[in-house]
1. How far is it, in nm, from the label point at residue A:30 to the one at residue B:297 when both lie 7 Å from their Cα along the line to the Cβ?
2. Where does chain A land on Rg(C-alpha)/(2.2 N^0.38 Å)?
3. Return the FRET efficiency for the residue pair residue B:17, residue A:326: r is the Cβ-Cβ distance, R0 is 56 Å, and the value is rounded to the nearest 0.05.
4. Relative to the longest principal axis of the C-alpha atoms of chain B, give the angle of the C-alpha long axis of helix B:225-238, reported between 0 and 90° and rounded to the nearest 10°.
5. Which listed residue (A:66, A:236, A:134) has the Cα farthest towards the positive end of the charge dipole for the protein assembly as shown, taking +1 on Lys and Arg C-beta and -1 on Asp and Glu C-beta about the Cα centre?
6. Taking region A:232-331, which trypsin sites (Lys or Arg not before Pro) meet the DSSP loop condition and have no more than 15 other C-beta atoms within 10 Å?
7. Run the quick spin-label model on residue B:237 and residue A:283: label points 7 Å from Cα toward the beta carbon, then report their separation in nm to one decimal.
8. Please state the charge dipole magnitude for the protein assembly as shown, taken about the Cα centre, from unit charges on C-beta atoms (+1 on K and R, -1 on D and E), reported in debye and rounded to the nearest 20.
There are 2 protein chains.
Amino acid sequence: MKRPTLEAVAARAGVSRATVSRVVNGQLTVTPQIRDAVMRAVDELGYVPNSAARSLVTQRTDSVALVVSEPPTRVFSEDPMFSTVIRSASLELEAADRQVVLMLAGSPKSHARIERYVAGGHVDGVMLISMHGADPLPAALARMGVPVVSYGRPAVPVPLPYVDNDNVGGAEKAVRHLLDRGRRRIATIAGPQDMIGGQDRLTGYRDALRDSDRRSIVAVGDFTRQSGAVAMRHLLQDDPHLDAVFVANDLMAIGALQALRQAGRRVPDDVAVVGFDDIEAARYTEPPLTTIRHPVSEQAAAMVRLLLGLLRGGPAASVVLPTELVVRDSA
Amino acid sequence: MKRPTLEAVAARAGVSRATVSRVVNGQLTVTPQIRDAVMRAVDELGYVPNSAARSLVTQRTDSVALVVSEPPTRVFSEDPMFSTVIRSASLELEAADRQVVLMLAGSPKSHARIERYVAGGHVDGVMLISMHGADPLPAALARMGVPVVSYGRPAVPVPLPYVDNDNVGGAEKAVRHLLDRGRRRIATIAGPQDMIGGQDRLTGYRDALRDSDRRSIVAVGDFTRQSGAVAMRHLLQDDPHLDAVFVANDLMAIGALQALRQAGRRVPDDVAVVGFDDIEAARYTEPPLTTIRHPVSEQAAAMVRLLLGLLRGGPAASVVLPTELVVRDSA
DNA sequence: AACCACGCTGAGAGCGCTTCCAGAAGTGCT
DNA sequence: AGCACTTCTGGAAGCGCTCTCAGCGTGGTT
């Protein structure tokens with residue numbers, strides 16, 4: 001029971017292979033009658049074009065790689081954002097009739113594999129989700145002539161179009177909100193400084209404070225809940241009188257809330273807390289977390305559109321999406 | 001700047017295309033000298049085989065589809081298990097040098113797309129992650145001669161090898177634990193009954209209770225946190241004297257804890273709670289949640305191995321993995 | 001009536017690879 | 001030295017498709 005080929009359809013419809021090919025590919029230069037006859041033959045035989053044969057001649061594959069670089073701390077794979085990005089990107093690509101080939105870029109070994117794969121022309125383009133700075137993959141892929149886009153701004157300057165959210169602006173918003181509420185000693189728990197999100201959010205914090213005359217109080221975490229709790233304890237030791245803290249992501253903010261509770265501080269009365277990301281769990285903390293929301297799905301969708309544009313020969317114009325302050329009870 | 005072909009490598013190495021092909025595919029019938037010469041030419045030219053041409057003749061694609069059927073409630077995409085399964089399956093497949101094509105099966109429209117895709121021989125096999133019963137996709141795919149395996153037992157009886165965890169046994173363990181602790185009125189918050197996990201965990205609860213003379217008290221949720229809270233309130237109305245509840249997943253258990261707190265019940269003093277899944281958040285609830293852990297990563301890896309076995313012509317032997325009771329403070 | 005132009009179809013080449021088959025070269029034996 | 005046998009390489013076919021190009025038929029024009 002072999003799959004029918006163009007040949008078989010052509011024989012059944014009493015036309016040539018070329019004509020069947022035209023019909024299947026939707027060319028309009030075919031007489032309606034013949035067209036119908038071919039369509040009927042296609043249906044009857046259950047014909048589906050062989051993609052290997054097709055891409056052999058067209059040099060296209062109609063599929064793109066979604067390369068996920070995992071940072072050392074593995075937060076990413078436990079992060080709900082991971083699935084949101086994958087889901088949104090997949091939906092958007094499927095709407096454009098492209099297949100998604102998922103590739104995990106953990107080890108250097110897998111880097112080689114991915115480079116080979118992409119160099120081999122198995123995919124028309126690459127979407128890169130890489131959050132840590134030292135990653136050589138973006139540069140490597142960018143070099144080999146395949147359209148590549150990045151989810152999030154690449155940490156090292158590499159000529160790669162990207163879609164990011166406004167991390168700096170978001171952090172500024174958060175800090176300004178705390179200032180507006182009359183907070184005077186505003187600390188921050190920053191993210192890892194080898195991740196661009198960690199860097200930018202710290203920059204935003206500093207920028208917002210610079211305009212006021214407050215001094216900055218910084219602890220650094222690694223975006224995990226535990227590290228947030230640890231950092232918060234350090235901050236409380238360093239400056240027992242702090243009355244607000246901007247935390248670079250919600251996971252760490254949840255850890256910080258825990259640490260504050262254990263230290264006997266009331267939130268927001270004694271210490272106000274603002275997070276970043278607006279993950280699901282931020283709604284259910286005690287008290288519910290004030291945070292900065294950024295549009296993860298839209299960012300992923302925008303990334304896909306950017307890549308599809310490149311595939312059509314469009315311009316490589318990076319996109320930065322705005323963030324939004326979500327005020328709940330913690331600040 | 002075109003990619004080099006076999007032809008080019010052959011010319012450079014001074015041999016025929018056939019020989020280069022043999023070397024590239026690791027056949028051992030080639031003289032070491034020639035082999036080396038070919039390898040050198042491959043390296044120098046940066047040759048990478050064209051997969052389209054290769055699969056055109058071999059009829060293999062070396063890639064498998066990972067089809068994710070999303071249940072109506074969308075818990076799945078917010079479920080951390082989602083990314084765990086994808087991640088684990090990807091790693092296992094990459095180790096076997098197979099590519100992962102990710103496909104979302106949301107709408108009936110996408111079903112048609114997936115069937116076409118698979119029927120078109122674009123992939124060598126299919127892994128199905130489908131949790132709700134009415135899904136026609138498993139049966140449809142099973143019918144068309146492509147190796148298919150399922151993550152989780154298919155809800156409708158369909159001749160499809162699967163890898164599942166022991167939902168029934170796990171639920172029994174949970175309830176027996178509550179019985180051992182001397183609980184007398186043990187309710188359950190069941191999952192959706194159109195999902196196999198929901199069904200089986202309820203069965204396990206009933207089985208464990210049948211052996212004792214306790215009566216069952218059942219509320220049904222949809223695996224979301226909110227539905228857990230709602231169900232818990234109903235249970236408290238129905239039977240204010242219940243002293244334990246087995247909740248069919250942790251997300252609902254977290255909702256139940258919330259509802260219990262609001263109703264002024266202490267956990268575990270007044271009401272003991274056992275969840276299912278052992279998600280990350282279960283560690284951080286107040287009090288930490290006693291729950292049933294099942295090996296998500298291993299289940300995914302086992303599914304991959306099962307499929308790879310099928311591709312090699314192996315037997316279609318389904319696998320059921322054991323679960324484990326994790327005792328924390330809530331019961 | 002003859003010619004031209006246009007619209008449509010079919011023949012055929014070729015995409016890059018694997019693999020069968022035949023033939024060349026090398027080995028051990030009589 | 002000659003033969004059978006093994007080992008290895010190259011020629012060539014063909015996987016299923018697209019697309020160029022030539023050719024045919026039709027209708028309009030002079």
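The values are calculated or read from the model by the stated rules, or taken from the named source; none is laboratory data. Small disclaimer: the values here were computed from a predicted structure and weren't measured. With ideal geometry, Cβ positions are generated from the backbone for all residues, glycine too; neighbour counts draw on all protein chains shown. Only protein heavy atoms, including side chains, enter the accessible area calculation; ligands, DNA and RNA are left aside. Shrake-Rupley method; radii C 1.70, N 1.55, O 1.52, S 1.80 Å.
1. That separation, rounded to one decimal, is 5.1 nm.
2. 1.29
3. 0.35
4. The answer is roughly 30 degrees.
5. Of A:66, A:236, A:134, it is A:66.
6. A:266, A:312
7. Between residue B:237 and residue A:283, the label points sit 2.2 nm apart.
8. Charge dipole of the protein assembly as shown: 1400 debye, to the nearest 20.
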